[in-house]
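See structure below.
The values are calculated or read from the model by the stated rules, or taken from the named source; none is laboratory data. The structure presented is a predicted model; accordingly, all values stated were derived computationally and were not measured. Cβ atoms come from the backbone with ideal geometry, glycine included; neighbour counts cover every protein chain shown.
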């Protein structure tokens with residue numbers, strides 16, 4: 001072991017022995033970290049923390065299986081004593097190798113002290129799956145002088161700091177080792193707890209676009225890319241319908257074959273034009289197709305989609321709006337994007353190509369543009385079209401969204417926001433497929449611009465409270 005590494009280990013051994021004192025002195029910062037990691041990482045996950053120190057953060061996320069790694073033997077000794085239900089090992093994170101795979105890997109305030117960040121990311125690839133998420137917290141480099149001053153005057157523990165990185169620096173290092181950033185969050189504008197100041201600066205101002213670039217904490221969630229997935233999946237195509245009799249048969253005729261098996265679920269809700277009877281006719285007319293017909297038990301498209309998803313058997317779940325304004329011919333694009341791991345939640349985008357004349361009214365277009373911007377801010381991922389009905393995800397991920405639905409509640413009659421919020425809460429990579437939005441050939445729109453627009457705004461504000469201003 002070289003002399004410099006010995007000095008670094010001795011420094012972190014010393015910090016470990018007084019860590020509780022420093023945590024108490026800077027409790028708002030540490031509580032914010034624990035709250036953010038616990039929001040990102042679902043309880044009961046399999047979690048690895050590299051640079052775990054005395055194990056407090058690993059314990060806070062409540063893993064079903066937790067493994068902490070640190071090169072400070074003193075830190076690991078304390079961690080084992082504090083949290084005997086977790087697992088800890090002494091190792092240099094550059095060289096740590098595991099045969100296990102993990103759902104989440106935590107790197108909290110590690111990149112500022114690590115000797116070779118790219119080497120670390122290269123090592124991490126040995127124990128990830130295509131769905132593993134790397135969750136990174138890092139100091140905002142704008143705070144460098146303030147934090148150094150805090151060390152000098154005894155407000156922060158002194159520690160060897162080698163690196164001050166921007167988000168772009170971290171993004172570049174991740175890309176070099178075939179990781180991509182899923183989302184970025186910024187937290188804590190004023191790192192000391194003073195009741196009114198805390199509410200104004202941390203709960204409100206520190207979460208606003210632009211101002212949040214001054215926050216002390218950068219939170220990044222990343223995922224591995226470039227892991228080849230060579231598999232055909234079965235699919236369930238859900239067609240929620242109300243007064244769409246004239247479009248029902250075309251949903252079958254115009255959808256190309258893809259995947260190992262296709263299951264169609266038509267689910268009808270209170271039609272007055274004979275849509276349900278048409279569904280039964282189509283089911284009988286195409287015995288070579290796996291077609292199921294259902295009547296929803298409650299109201300709203302969101303309820304219809306949830307009931308159909310619960311009845312689905314496919315590996316992949318797809319929503320095809322019965323008005324067919326998103327062409328069924330484009331569904332293979334959605335399938336291949338998900339199957340080839342180009343994203344984990346595939347969303348349609350109708351706002352790029354020119355639209356047919358009556359496809360979307362002007363106020364609807366403006367509303368879609370606004371919600372695209374607002375959701376990009378809320379979810380930390382770029383979204384252009386939040387209200388396109390065509391959404392595709394793995395059934396296993398939908399089951400996780402369903403299990404976590406209590407966090408937001410059953411608040412969305414349309415179903416679009418429920419799925420988007422749930423996907424973002426699970427850190428799924430959202431990828432948009434650009435489609436040509438067509439004018440409907442049968443029936444009329446069932447969207448009320450003002451009534452439903454106001455409902456969408458209320459749901460967005462509710463989501464802002466649960467995601468950004470929590």
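Computed values, structure above
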| quantity | calculated |
| --- | --- |
| Top-ranked residue in region 108-157 [being in contact (Cβ under 8 Å) with a residue 40 or more places away in the chain, in a loop (DSSP other than H, G, I, E, B) and out of contact with any strand residue (DSSP E or B) (no Cβ under 9 Å at 6 or more places or on another chain); ranked as farthest from residue 229 (Cα to Cα)] | 155 |
| Residue within region 431-448 that is part of a helix (DSSP H, G or I), modelled with pLDDT of 75 or more, crowded, with 19+ Cβ neighbours inside 10 Å and in contact with a helix residue (DSSP H, G or I) (Cβ under 8 Å, 6 or more places away or on another chain) present | no |
| Neighbours by Cβ (under 6 Å, 6+ apart or cross-chain): first from region 39-67, surrounded by fewer than 19 Cβ atoms within 10 Å (Cβ to Cβ); second part of a helix (DSSP H, G or I) | 60/34; 60/38 |
| Any hit, region 334-352, residues being modelled with pLDDT under 75 and surrounded by fewer than 20 Cβ atoms within 10 Å (Cβ to Cβ) | yes |
| Condition broken by residue 283, with the remaining ones in (1) under 27 Å from the mean Cα position of the chain (by Cα); (2) surrounded by 14 or more Cβ atoms within 10 Å (Cβ to Cβ) satisfied | (1) |
| Test result for residue 191, buried (at least 17 other Cβ atoms within 10 Å of the Cβ), in a loop (DSSP other than H, G, I, E, B) and either modelled with pLDDT of 90 or more or touching a helix residue (DSSP H, G or I) at 6+ places or on another chain (Cβ under 8 Å) (or both) | yes |
| Matching helices (runs of 4 or more DSSP H) fully within region 1-100 where at least 3 residues are under 32 Å from the mean Cα position of the chain (by Cα) and either over 23 Å from residue 155 (Cβ atoms) or at pLDDT 95 or above (or both) | 27-40, 56-60, 73-82 |
| Hits in region 195-254 (condition: assigned to a helix (DSSP H, G or I), in contact with a strand residue (DSSP E or B) (Cβ under 8 Å, 6 or more places away or on another chain) and in the same structural domain as residue 425 (by TED's automatic domain parsing)) | 247, 248, 251, 252 |
| Verdict on residue 165 being modelled with pLDDT of 90 or more and either assigned by TED's automatic domain parsing to the domain that holds residue 345 or closer than 29 Å to residue 20 by Cβ (or both) | no |
| Residues of region 362-409 that turn out to be part of a loop (DSSP other than H, G, I, E, B), surrounded by fewer than 17 Cβ atoms within 10 Å (Cβ to Cβ) and modelled with pLDDT of 70 or more, as a count | 2 |
| Of all residues making up region 272-320, the number that are in a helix (DSSP H, G or I) and touching a strand residue (DSSP E or B) at 6+ places or on another chain (Cβ under 8 Å) | 13 |
| Subset tally (residues that are under 25 Å from the mean Cα position of the chain (by Cα) and within 13 Å of residue 236 (Cα to Cα)) for region 286-305 | 1 |
